[in-house]
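Coordinate-derived values only; no laboratory data. No experiment lies behind these values; they were computed from the predicted model shown. Note that we place each Cβ from the backbone using ideal geometry, even for glycine, and neighbour counts take in every protein chain shown.
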Amino acid sequence: MSVPGAFLGGASGRLLPAALPLRFFGAAVAYHVLGWLVLAFAPGDWLAFRGGLGWPLAALHLFTLGVLGMTALGAAAQLLPVATRQSPVGDRALAWIWRLYTPGVALLALGMGFAQPPLLALGGCAVALALATWAALAAKHLRGARGMPGVCAHAWSALVSLFLLLASALLLAGAWLGWPVPGRQLTLPLHLLFAPFGFMGLLALGLSYLLVPMFALSQPPREGTQLASCALMVTALLLAAGAACGLLPPLARALAWALGSTGVLLHLHLMRRALATGMRKELGRSFVLLKVSWCALLATLVLAAVLWSGIPLPRAEPAFAFAMIAWLLTFLLGILQRILPFLGALHAAAGKRRGPTASMLTHEKALKVHFGCHLAALAGCALALALDAGWLARLAALAGLGGAAAFAFFHVHLLRKLRAAGV
């Protein structure tokens with residue numbers, strides 16, 4: 001049976017209460033607006049960002065923890081029961097995680113923006129506790145998995161990466177507080193490895209094997225190839241971490257990049273094949289965003305090679321951070337505009353003969369505005385980096401803010417429709 005058939009065949013018994021994933025997605029939408037708002041109006045030029053506390057760092061974490069992390073928590077909480085063929089568990093724990101994680105991200109960002117390490121540490125502890133609790137719930141699902149070994153391998157690897165990034169994040173926060181912890185030269189590279197490439201990256205790539213075939217109406221990629229791609233990327237992460245810690249020679253970085261890039265290219269080959277063999281050919285703007293995100297992923301790998309090799313490229317650090325955010329943010333926004341109406345329609349149809357369809361829950365005009373603004377923001381940010389034009393960076397952020405507001409309107413429209421349907 002194909003992924004779509006497997007999902008639809010048992011989806012009604014594997015759905016969380018509608019309010020739970022919608023809370024996470026709603027908070028992600030709000031932090032999406034706040035992230036672009038900070039880039040557009042807060043003091044400080046993110047083009048000149050070279051590390052340290054300030055609003056550029058706060059905006060980065062509003063996107064990573066606020067948008068990417070919040071979406072990952074909500075999506076995985078709903079999709080892992082599907083992938084592992086189990087009933088969802090932990091309703092109360094998920095609600096508690098949301099209550100802790102949501103203000104924790106806000107406190108963390110405020111502590112970074114105003115350069116207040118105690119506030120940063122308080123928010124960081126709340127975020128870390130919420131993520132650790134969520135990881136325990138995810139591990140419970142994965143231990144009882146009865147299918148999709150490729151998805152599960154990526155998820156297990158993401159969970160291990162999550163604990164490594166949390167350890168590095170807490171050490172970085174401790175350094176800001178003046179505690180005697182390992183220096184940033186050790187902890188920061190580990191954080192930059194296991195946050196985007198380990199936890200968020202592996203989780204996004206793994207869930208792609210479920211989501212892309214489901215929406216394209218294609219057969220899932222071969223499990224052996226999924227596992228090979230995952231193994232290459234995990235090996236690359238371990239080699240890069242060993243080199244960052246001084247346990248392996250610098251040559252290990254080159255090997256890590258080669259293996260990781262091979263794993264990514266193998267993943268992209270599987271995605272291209274899934275789209276090419278799918279019964280649904282017209283996938284709309286959401287899958288255009290996915291293709292843009294895959295291009296940004298390749299750009300991220302190129303910039304990582306530049307940074308590791310020491311090539312003197314101006315503004316390489318902010319360019320790397322931008323490419324990383326462009327990859328993950330564009331991917332999640334493309335998927336989220338598919339997941340929200342799909343899950344909403346499933347909930348609205350539960351126990352009823354007729355409910356609103358996914359297309360009825362979708363505000364196409366809002367998504368069209370978001371599509372144009374988001375791509376304009378990405379292009380503007382890339383051009384601002386190339387020209388070192390701060391005014392263009394703020395103009396691009398305003399375009400991103402307009403797109404985020406349009407996406408928020410789409411989300412509010414969906415919630416209104418669901419409320420009218422009695423969900």
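For the reader, a short list of remarks on this structure follows.
- Counting every other Cβ atom within 10 Å of each residue's Cβ, MET112, MET271 order from fewest to most as MET271, MET112.
- Paramagnetic reach from ALA19 (point 7 Å along Cα→Cβ, amide N under 13 Å) across region 343-387: none
- Relative to the dominant Cα principal axis of the chain, helix 70-84 is inclined by about 50°.
- On full extension, the segment bounded by LEU53 and THR235 gains 62.3 nm, given 0.36 nm per residue less the C-alpha separation.
- Projected label points at LEU188 and ALA316, each 7 Å from Cα along the beta carbon direction, are separated by 1.4 nanometres.
- Correct option for Cα Rg over 2.2 N^0.38 Å [calculated from the coordinates] among (i) 0.93; (ii) 1.08; (iii) 1.01: (i)
- Helix-only arithmetic for the chain: the sum of -39500 (n - 2.57) across DSSP H runs with n ≥ 4, divided by the residue total, places the mean residue ellipticity at 222 nm at -26500 deg cm²/dmol.
- Label-point separation in nm, LEU251 to ARG143, each point 7 Å along Cα→Cβ: 4.2 nm
- The angle between the Cα long axis of helix 91-113 and the longest principal axis of the Cα atoms of the chain comes to about 30 degrees, rounded to the nearest 10.
- Per-residue Cβ neighbour counts within 10 Å put ASP388, ASP45 in the sequence ASP388, ASP45, beginning with the fewest.
- Residues PHE163 and ARG419, FRET efficiency given R0 of 51 Å [Cβ-Cβ distance, rounded to 0.05]: 0.85
- When +1 charges are put on Lys and Arg Cβ atoms and -1 charges on Asp and Glu Cβ atoms, the dipole computed for the chain relative to its Cα centre reaches about 1340 debye.
- Gain in span if fully extended, THR225 to ASP91, counting 0.36 nm per residue against the direct Cα distance: 44.8 nm
- Residue exposure sequence - GLU317, GLU364, GLU282 - by fewest surrounding Cβ within 10 Å: GLU282, GLU364, GLU317
- Where Cα atoms sit under 28 Å apart: lysine pairs in the chain separated by 8 or more or lying on different chains: 9
- Using alpha-carbon coordinates, inclination of helix 184-193 to the longest axis of the chain, degrees: 20 degrees
- LEU307-LYS368 pseudo-label distance in nm [points 7 Å out on the Cα-to-Cβ vector]: 3.9 nm
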